[in-house]
Amino acid sequence: MKLLIGSLQLGLLYGILALGIYISFRILSIPDLTTEGSFAFGLSVSAAITAAGHPVLAIFAAMAAGALAGSVTGLLQTRFGIHPILSGIITMSGLYSINLAVLGGSPNLSLVRAATLFKLFPFMSKNDAMTVLPIAAALLFLTLVILFFHTHVGMCIRAVGDNEDMVRASSINVNACKVLSFSVSNALVALSGALIAQYQGYADISSSTGILVVGLASVIIGEAMFGRRSVTIGFISAVAGSLIYRYIIALATRYSPLPAYMLKLVSAVIVALALAIPALRQNMKEARQKEGGKAHA
Amino acid sequence: MLDIQNAFKIFEKGTAIEHTALNHLNLHLDKGEFVTIIGSNGAGKSTLFNAICGTFLLNEGRILLDGQDITGQKEHRRALSIGRVFQDPMKGTAPNMTIEENLSLAYSRAYSRPLSFAPSRKQIALFRERIAEFGMNLEDRMKTKVGRLSGGQRQAVTLLMCTIVPPKLLLLDEHTAALDPATADKVMEITRRTVDQYHLTTLMITHNMASALAIGTRTVMMEAGAILFDISGEERSGTTVDDLLHLYADLRHQALDNDRMLLQSKA
Ligand SMILES: Nc1ncnc2c1ncn2[C@@H]1O[C@H](COP(=O)(O)OP(=O)(O)O)[C@@H](O)[C@H]1O
Ligand SMILES: [Mg+2]
């Protein structure tokens, strides 16, 4: 039971990360390496401001920080023509220093004594808040992104991922669409980091290593369950995928003989396999056709 | 309406594959003119369209649209008043989005409230009405993803996207060449009706000489990045496909001879 509740809480908080990843990876079809940096950016901004006594402001500031990081990557790609992957790497590397600076030069910060969001509600115990807040936050942002991607701008962004030339030919500024979607995506990623910092009661910059793969795994697991249909289903399945991913991880840490530090390797293998499935299927099909050809000859 | 002055474009300048794609080309279109363009492969027809749309900037020359100098304007800005249909049915539409979403995107030219839901009910009603005029039964498939449509249906959707807000200039680049003959006729018929109905100033590239003469008000032949001849009015109505073919063959020979002479003089 405790295991289930724990993975529910984490799954929902990381589900917001998965929403952000879904935007870059599936809607724009550009894997965005800014993620690692902007998650840590959200984490450290949130921790620093919470430590200073403003846990709510911390959340908004973290989202703004993530949006800023995303727009830097977006501008590098569009305005300056740098390769998308490289743009993300550049922003991510730069953020490493900024994040350390935000935390006052140290890679981690404890919030044990600070008033986090989870201690803010007089009518709720901290334990209850740790379940209620993630549910509320995940539902709120899930609804918001689904609505956003059904507005006119949201539709333009979806079209940019589908046929960029057509969007340009329809008089829409493709570059602006891209910058905007990287901002939105990284604002969500940073929000996830911001909530995680307050939830855990400490911020550790190194916890963002490999976070992109975690998000991708969630998106892919979600798609394996729901299929790839519409954006609405896509966003819902990303959060669902995150829940399942957390549950698997919780089970693995509890029962598998592998030490906890092996988890990232396991996630990496899951993602690699899932992404390889279409190619593997194709290979198998071709092999079968060859055999069939031989049998007839 | 459209005024192209001394357009000059050279690709890969200074390399072994340097190529002059537009060679001091001049072209003027009056409002409401429907000009068909013919010319051999590589003559620079599509390049001319790219120049008009702003896919690249010219090395020399100016382009004016409705009196406004658009020579240096960004592609998406020009698209506000230019509609373009390509040969490839995949190019003009977003395959994973529905017909109504594609149309709504194109409709941003006239109407754009970024944070309102799209497409709105009012828009959908307009789109249905317009697409029904095509007589292809697409009005009942507004929620179908465009990727599921046939090539002809996709070209019809693209044509409507380009004209749902009547553009100042419509560019058609062999837009029926990838279709089977019956579908091509159908799409051409829709094109003709739409251009008529909205009095669109139109440039249409075609490799079909018969349609080049049958459709529109004026025919232009391009060769080596420039305009070889330009016929309209009585001169055009007296011209047959055979005349065109002869002219075309003569000009090609002439070009070949020129090349040969060039080679000999180099040797
Ligand atoms: N972006 C480009 N870079 C280099 N060469 C180009 C480019 N676009 C067109 N060309 C060249 O310009 C010439 C004219 O091409 P195009 O306008 O497509 O001919 P067509 O009349 O058949 O439409 C061709 O030789 C083509 O290879
Ligand atoms: Mg061409």
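The values are calculated or read from the model by the stated rules, or taken from the named source; none is laboratory data. This is a predicted model, so every value here is computed, not measured. Cβ: placed from backbone, ideal geometry, glycine included. Neighbour counts: every protein chain shown.
Considering each residue of segment B:64-85, count those that are over 14 Å from A:ARG168 (Cα atoms) and either crowded, with 23+ Cβ neighbours inside 10 Å or within 11 Å of chain A (Cβ to nearest Cβ) (or both), and give that number. Walk me through it before giving the result.
Keep residues of segment B:64-85 that are over 14 Å from A:ARG168 (Cα atoms), which gives B:64-72.
Among the residues that remain, those that are also either crowded, with 23+ Cβ neighbours inside 10 Å or within 11 Å of chain A (Cβ to nearest Cβ) (or both) are: none.
Number satisfying all stated conditions: 0.
On the given criteria, is B:VAL85 within 16 Å of ligand 1 (Cβ to nearest atom) and either under 29 Å from B:GLU129 (Cβ atoms) or out of contact with any strand residue (DSSP E or B) (no Cβ under 6 Å at 6 or more places or on another chain) (or both)? Before the answer, list the steps.
Values: within 16 Å of ligand 1 (Cβ to nearest atom): yes; either under 29 Å from B:GLU129 (Cβ atoms) or out of contact with any strand residue (DSSP E or B) (no Cβ under 6 Å at 6 or more places or on another chain) (or both): yes.
Answer is yes for this residue.
Report, by residue number, each residue of segment B:7-52 that is at positive phi and within 16 Å of ligand 2 (Cβ to nearest atom). Break it down into steps so the answer makes sense when it comes.
The first filter runs over segment B:7-52 and keeps only residues at positive phi, leaving B:12, B:14, B:24, B:32, B:39, B:42, B:44.
Scanning segment B:7-52 gives B:GLY39, B:GLY42, B:GLY44.
Return the pairs, sorted by first residue and then second, in which the second residue is within 9 Å of ligand 2 (Cβ to nearest atom) and not in a loop (DSSP other than H, G, I, E, B), the first residue lies in segment B:39-54 and is within 14 Å of chain A (Cβ to nearest Cβ), the beta carbons are less than 6 Å apart, and the residues are 6+ apart or on different chains.
Short answer, once both residue conditions are applied: B:SER46/B:ASP173; B:PHE49/B:ASP173.
Yes/no matrix, rows are residues, columns are (1) without any contact (Cβ under 8 Å) to a residue 60 or more places away in the chain; (2) within 27 Å of B:ILE124 (Cα to Cα); (3) surrounded by fewer than 20 Cβ atoms within 10 Å (Cβ to Cβ):
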| position | (1), (2), (3) |
| --- | --- |
| B:ASP140 | yes, yes, yes |
| B:LEU172 | no, yes, no |
| B:PRO181 | yes, no, yes |
| B:THR194 | yes, yes, no |
| B:THR202 | no, yes, no |
| B:ARG218 | no, no, yes |
| B:SER232 | yes, no, yes |
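What are the pairs, 6+ residues apart or on separate chains, where a residue within segment B:3-18 that is closer than 25 Å to B:LEU64 by Cβ and within 14 Å of chain A (Cβ to nearest Cβ) has its Cβ under 7 Å from a residue that is within 16 Å of ligand 2 (Cβ to nearest atom) and at pLDDT below 85?
none
Filter segment A:1-59 for residues that are among the aromatic types (Phe, Trp, Tyr) and either under 14 Å from A:ALA69 (Cα atoms) or surrounded by fewer than 24 Cβ atoms within 10 Å (Cβ to Cβ) (or both) and give the result.
Listed by number, the residues that qualify are A:PHE25, A:PHE39, A:PHE41.
Table: residues versus (1) basic (Lys, Arg); (2) modelled with pLDDT under 85.
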{"position": "B:LEU228", "(1), (2)": "no, no"}
{"position": "B:GLY233", "(1), (2)": "no, no"}
{"position": "B:ARG236", "(1), (2)": "yes, no"}
{"position": "B:LEU245", "(1), (2)": "no, yes"}
{"position": "B:ASP250", "(1), (2)": "no, yes"}
{"position": "B:ALA255", "(1), (2)": "no, yes"}
{"position": "B:MET261", "(1), (2)": "no, yes"}
{"position": "B:LYS266", "(1), (2)": "yes, yes"}
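Quick grid of which residues meet (1) within 14 Å of chain A (Cβ to nearest Cβ); (2) under 15 Å from the mean Cα position of the chain (by Cα); (3) within 16 Å of ligand 1 (Cβ to nearest atom); (4) among the β-branched types (Val, Ile, Thr):
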residue: B:SER150; (1), (2), (3), (4): no, no, no, no
residue: B:GLN155; (1), (2), (3), (4): yes, yes, no, no
residue: B:THR158; (1), (2), (3), (4): yes, yes, no, yes
residue: B:CYS162; (1), (2), (3), (4): yes, yes, no, no
residue: B:PRO166; (1), (2), (3), (4): yes, yes, no, no
residue: B:LEU169; (1), (2), (3), (4): yes, yes, no, no
residue: B:LEU172; (1), (2), (3), (4): yes, yes, yes, no
residue: B:PRO181; (1), (2), (3), (4): no, no, no, no
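Of the residues that sit in segment B:55-81 and are free of Cβ contacts under 8 Å to residues at least 24 places away in the same chain and polar (S, T, N, Q), which one is nearest to ligand 1 (Cβ to nearest atom)?
Taking segment B:55-81 first, the residues free of Cβ contacts under 8 Å to residues at least 24 places away in the same chain are B:55, B:57, B:67-77.
If we keep only those that are polar (S, T, N, Q) too, we end up with B:55, B:68, B:71, B:73.
Details: B:THR55: 8, B:GLN68: 25, B:THR71: 18, B:GLN73: 19 Å.
This residue is B:THR55.
Yes/no matrix, rows are residues, columns are (1) hydroxyl-bearing (Ser, Thr, Tyr); (2) assigned to a strand (DSSP E or B); (3) free of Cβ contacts under 8 Å to residues at least 12 places away in the same chain:
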| position | (1), (2), (3) |
| --- | --- |
| A:LYS178 | no, no, no |
| A:ALA194 | no, no, no |
| A:GLN198 | no, no, no |
| A:ALA203 | no, yes, no |
| A:ALA217 | no, no, no |
| A:GLU223 | no, no, no |
| A:SER237 | yes, no, no |
| A:ILE248 | no, no, yes |
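Which residues, taken from segment B:121-136, are within 20 Å of B:VAL187 (Cβ to Cβ) and either assigned to a helix (DSSP H, G or I) or more than 25 Å from the chain's Cα centre (by Cα) (or both)? Explain how you work it out, then say what you get.
First, pick out the residues of segment B:121-136 that are within 20 Å of B:VAL187 (Cβ to Cβ): B:127-136.
Across segment B:121-136, the qualifying residues are B:PHE127, B:ARG128, B:GLU129, B:ARG130, B:ILE131, B:ALA132.
Which residue is farthest from the chain's Cα centre (by Cα), if the candidates are limited to segment A:137-167 and must be of a type in the set (Val, Ile, Thr) and facing chain B (nearest Cβ under 8 Å)?
Looking at residues that are of a type in the set (Val, Ile, Thr) and facing chain B (nearest Cβ under 8 Å), I get A:VAL167.
For segment B:27-54: of the residues being within 9 Å of ligand 1 (Cβ to nearest atom) and aliphatic (A, V, I, L, M), which is nearest to B:GLU75 (Cα to Cα)? So that I can check it myself, show each step before the final result.
Filtering segment B:27-54 for residues within 9 Å of ligand 1 (Cβ to nearest atom) gives B:37, B:39-50.
Add one more test, that the residue is aliphatic (A, V, I, L, M), and what stays is B:37, B:43, B:48.
Numbers: B:ILE37: 22, B:ALA43: 23, B:LEU48: 14 Å.
Among those residues, the one meeting the criterion is B:LEU48.
Considering each of B:ALA156, B:ALA182, B:ALA212, B:ALA178 in turn, give the residue that is within 16 Å of ligand 2 (Cβ to nearest atom) and assigned to a helix (DSSP H, G or I).
Values: B:ALA156 fails: within 16 Å of ligand 2 (Cβ to nearest atom); B:ALA182 fails: within 16 Å of ligand 2 (Cβ to nearest atom); B:ALA178 fails: assigned to a helix (DSSP H, G or I).
Being within 16 Å of ligand 2 (Cβ to nearest atom) and assigned to a helix (DSSP H, G or I) holds for just one of B:ALA156, B:ALA182, B:ALA212, B:ALA178, which is B:ALA212.
Mind checking which residues of segment A:239-264 are modelled with pLDDT of 85 or more and not β-branched (Val, Ile, Thr)?
Residues satisfying the conditions are A:ALA240, A:GLY241, A:SER242, A:LEU243, A:TYR245, A:ARG246, A:TYR247, A:ALA250, A:LEU251.
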